[in-house]
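The values are calculated or read from the model by the stated rules, or taken from the named source; none is laboratory data. Nothing here was measured: the structure is a model prediction, and the numbers come from that model. Note that we place each Cβ from the backbone using ideal geometry, even for glycine, and neighbour counts take in every protein chain shown. Accessible surface is based on the protein model in full, side chains and every heavy atom, while ligands, DNA and RNA are left aside. Shrake-Rupley method; radii C 1.70, N 1.55, O 1.52, S 1.80 Å.
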Amino acid sequence: QSDQYGTCSLRKMSAMEALELLDQLVDESDPDVDFPNSYHAYQTAEGIRQAHPDKDWFHLVGLLHDLGKVLALFGEPQ
């Protein structure tokens, strides 16, 4: 597996591009949600910011926590 993914040569994108791609995905763990998946990322980051205003690294983790799910758009299982 590291031979295939270790170089990150399959696709390169910014974090914002990946967040936008999340909106094309129907999340198997929550298929009945009627708002974009990126909204969940922003909602999580904002909730963390309100609870922990002094931990900017934690706000970022909340925003990025689901980005790996975009791999499902490229044939990987969720």
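Each semi-axis of the equivalent ellipsoid for the chain is √(5λ) with λ an eigenvalue of the Cα gyration tensor; in descending order they amount to 24, 17, 10 Å. Computed about the Cα centre, the dipole magnitude for the chain is approximately 340 debye when only Lys and Arg (+1) and Asp and Glu (-1) carry charge, each at its Cβ. Can you tell me the FRET efficiency between TRP57 and GLN78 if r is taken as the Cβ-Cβ distance and R0 is 30 Å, rounded to the nearest 0.05? Here the calculated transfer efficiency is 0.65.
Over the chain, with a Gaussian network built from C-alpha contacts below 10 Å, which listed residue (HIS52, HIS40, HIS65) shows the highest mean-square fluctuation? Of HIS52, HIS40, HIS65, the most mobile in the Gaussian network model is HIS52. In sequence order, segment 33-46 has phi-based couplings of 6, 9, 10, x, 4, 5, 4, 4, 5, 5, 4, 5, 4, 5 Hz under the Karplus curve 6.51 cos²θ - 1.76 cosθ + 1.60, θ = phi - 60°, and Gly or Pro positions carry x. Evaluating 6.51 cos²θ - 1.76 cosθ + 1.60 at θ = phi - 60° for every residue in segment 68-78, the Karplus couplings come out as x, 5, 5, 4, 4, 6, 10, x, 8, x, 6 Hz, glycine and proline recorded as x. Computed over protein heavy atoms with a 1.4 Å probe, the accessible surface of segment 13-74 works out to 67 Å² per residue. Nonpolar atom fraction for segment 27-78, defined as the carbon and sulfur part of the 1.4 Å probe accessible area, stands at 57 percent.
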